[in-house]
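Before any comments, here is the structure.
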Amino acid sequence: MTEYADRAELAALPQGTPFGGAALEILRARLGALYGGDVDCLLAKVVDRLVAAAEARPNSLKALDASRRRGPDWAGRSGETVYTFYVDRFAGDLNGLIDRLDYLQDLGVRWLHPLPLLKAREGDSDGGFAVRDYREVEPALGDMDTLERLARELRDRGMGLLLDVVCNHTAREHDWAVRARAGDPKFRAFYHLVETEAEVRAWEETLVDVFPVTAPGSFTYDDDLGSWVWTTFYPFQWDLNYANPEVFLEMLDVLLFLANKGVQGFRLDSAPFLWKRKGTHCRNQPEAYAIIEAFRAALDLAAPGVLLLAEAIESLDDVLPFFGVESRGCGLAYNNGVMTALWGALADEDVAVVRTVLTAASARPDHAAWLNYVRCHDDVIWNALSAYAPPQDLERWSAFYDGQGFSAGRKFQTAPGGVASTNGMTAALVGVGRADVDPVAAMARLTLLYGVIHALDGWPLIYMGDEIALGNDTGFLADPLRASEGRWLHRPAMDWPRALAARDGGPGAAALTAIRRFGAAARQLEVFGVRGRALPLQMDNPAVLAFSRTDGRPFLCLANFSNGPVVVERPAGFDGAGREILTSSAVSGQTIELAPYEVCWWLLEA
Ligand code: GLC
């Protein structure tokens, strides 16, 4: 492609993105770094797809892009509550979900993050994470028209749709894999095929199994292929080979297709695994970050309002680069370091590790925000905290949440030498519903955690059911397809009678009231001009977490992680007048009294 044709084609693209015309240069640089060779030829192919997508982009979505461009910092707002759930378990199907939007809006939700809903393989699909067709909705959930209707309905309500794109692997039944199995060399090159067992062993020497019990090894021999294929997760999930630029191109096209259906953000599943390098554990390689940056730059040219969320449950130091190394990467990433440390603090009544992790998390770039959460559909991975907490802490917490103390969680598989992860709903992990646990304290633990994650800088995430303190579901044990997968323990069906009762003061009411209030209060922080990163303060009691945000109106969050009342001195520099936002009361005095597991939010005079 000549320079001239390049510019002429790009004239059709919306310019003035946060990077202006620079996005094309960024894209060229990232593709050059990844693929070398004749980068202009590859860029021409990418630009073709971008031009087609930009031309097809509906005006309503272009208007959304424009509004986001006017406020480039929109991703940094407080109180952008996200709700994550399995569509079938929450509402049956997409039509049912549309019928439940009032419920979600009433809860203060601004973003819906349904777990994978694209057409999955039949039988076991790892909860939809084995996609057979990225351009079709799972038939049991609805169709593309209904997805578009949902996206439109959300836009009309000022809400957004964040969709899972399982970009690291496809199902063995995806068309690309089918063609690879039929022997088509073009599609064989879409996957990592390994010819000999010796080569498999050479790779596996440095790999760490994700599911060592239910899916040992990282390769699967496939008779049709006549070779081994890389399968990081389950044998039916085939890792894509991003060293092949055609894979990048096709996955970008999927993103563009879905963006034009009204999807406003993508959760890039398993982002750490996108690049393989011999002699490494094949996670978080520099090229994985570059791929994300290339996706970002490309979207900046054709759908700039679309957000990228990194699904990288790794050590914080490996997560931060997903926000971008050479250029902008994801706008959001799971704050799993803080999440895991909060659970540890609750077990120990000691917040030291949370303080360390909060400081490290504050290294995020300005354009990006943390997705702060307590639980999600996966296990709590203690190993991801190993750079911040000694192994004996991780072991103790893992054992604690395996049914000790107040918890009713369960251990989950981990690779040899690692610390077992934890499964279980938030309510179960904090002891709600356990006959031998004080129900008031249990509920206070749940609201404490949600109170903290709403006060941090970033977007709060509610995991479906936590708002009514829904417990574990052992029903999966009776289902042969799911029985061996412990994560289904915390993937219950929504209990609508309980949700209705919670509104009227029934079981779960305390969680519902608190979580709604936290969301509303977080949005107030935005209005009051609270800005900046949450930075921890050293307190004179190990169980008290204190952090401030001081770039705008001074804000202080205090949280008592112990099951007893505490009195602490006000931290230095925060001795002025102010208000406690959650209870709407004035703050006064030099000391602060906190009830067991109490969280309070102070807004101070500037
Ligand atoms: C991500 C998902 C997890 C899934 C895995 C493989 O980690 O969150 O649920 O099993 O990817 O797709």
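The values are calculated or read from the model by the stated rules, or taken from the named source; none is laboratory data. Since we're looking at a predicted model, the values are computed, not measured. All Cβ positions, glycine included, derive from the backbone under ideal geometry; neighbour counts span all protein chains shown. Ligands, DNA and RNA are excluded from the accessible area calculation, which covers all protein heavy atoms including side chains. Shrake-Rupley method; radii C 1.70, N 1.55, O 1.52, S 1.80 Å.
Residues that are surrounded by fewer than 17 Cβ atoms within 10 Å (Cβ to Cβ) number at least 1 in the following strands (runs of 3 or more DSSP E) confined to region 202-242: 219-222. For region 152-199, a residue qualifies if it is away from the ligand (no atom under 16 Å from the Cβ) and part of a strand (DSSP E or B), and the qualifying residues are G160, L161, L193, V194.
Only a single criterion out of (1) away from the ligand (no atom under 14 Å from the Cβ); (2) open to solvent by 10 Å² or more (accessible area, probe 1.4 Å); (3) not small (G, A, S) is not satisfied by I291, namely (2). Of note, V247 does not satisfy the criterion of being open to solvent by less than 40 Å² (accessible area, probe 1.4 Å), of a type in the set (A, V, I, L, M) and out of contact with any helix residue (DSSP H, G or I) (no Cβ under 9 Å at 6 or more places or on another chain).
Listed by position, the helices (runs of 4 or more DSSP H) enclosed by region 1-62 that each have at least 1 residues that are at pLDDT 90 or above and within 29 Å of the chain's Cα centre (by Cα) are 22-35, 39-56. All of F547, F561 fail the test of being crowded, with 19+ Cβ neighbours inside 10 Å, touching a Cys at 6+ places or on another chain (Cβ under 7 Å) and modelled with pLDDT of 95 or more, apart from F547. Picking from residues in region 311-344 that are more than 29 Å from V599 (Cα to Cα) and within 16 Å of the ligand (Cβ to nearest atom), the one that is surrounded by the most Cβ atoms within 10 Å (Cβ to Cβ) is C330. Screening region 566-606 for strands (runs of 3 or more DSSP E) wholly inside it with 2 or more residues that are open to solvent by 70 Å² or more (accessible area, probe 1.4 Å) returns the ranges 566-569.
Considering region 99-121, the residues that are assigned to a loop (DSSP other than H, G, I, E, B) and in contact with a helix residue (DSSP H, G or I) (Cβ under 7 Å, 6 or more places away or on another chain) include one that is farthest from the ligand (Cβ to nearest atom), namely G108. Can you tell me which residues in region 243-259 are small (G, A, S) and either over 12 Å from A189 (Cα atoms) or part of a strand (DSSP E or B) (or both)? Of everything in region 243-259, just one residue is small (G, A, S) and either over 12 Å from A189 (Cα atoms) or part of a strand (DSSP E or B) (or both), namely A259.
Within region 512-531, none of the residues are of a type in the set (D, E) and at pLDDT 95 or above. Do you know which residues across region 122-143 are within 12 Å of the ligand (Cβ to nearest atom) and touching a Lys or Arg at 6+ places or on another chain (Cβ under 6 Å)? Answer for region 122-143, where residues must be within 12 Å of the ligand (Cβ to nearest atom) and touching a Lys or Arg at 6+ places or on another chain (Cβ under 6 Å): just A130. Within region 466-487, how many residues are within 16 Å of the ligand (Cβ to nearest atom), in contact (Cβ under 8 Å) with a residue 60 or more places away in the chain and assigned to a helix (DSSP H, G or I)? Selection size over region 466-487: 2. Considering only region 124-132, I want to know if a residue exists there that is over 21 Å from R482 (Cβ atoms) and either open to solvent by less than 20 Å² (accessible area, probe 1.4 Å) or touching a residue at least 12 places away in the same chain (Cβ under 8 Å) (or both). No, region 124-132 contains no residue that is over 21 Å from R482 (Cβ atoms) and either open to solvent by less than 20 Å² (accessible area, probe 1.4 Å) or touching a residue at least 12 places away in the same chain (Cβ under 8 Å) (or both). When region 258-283 is filtered for residues that are away from the ligand (no atom under 14 Å from the Cβ) and polar (S, T, N, Q), the ones remaining, listed by number, are N260, Q264, T280.
For region 67-86, the criterion of being closer than 20 Å to V254 by Cβ and buried (at least 20 other Cβ atoms within 10 Å of the Cβ) is met by none of the residues. Quick check: is even one residue across region 219-239 farther than 21 Å from S125 by Cβ and within 26 Å of the chain's Cα centre (by Cα)? Looking for residues that are farther than 21 Å from S125 by Cβ and within 26 Å of the chain's Cα centre (by Cα), one finds none in region 219-239, hence no.
Within region 493-547, the set of residues being more than 27 Å from G433 (Cα to Cα), in a loop (DSSP other than H, G, I, E, B), over 25 Å from the mean Cα position of the chain (by Cα) and not charged (D, E, K, R) comprises G529, Q538, M539, N541, P542.
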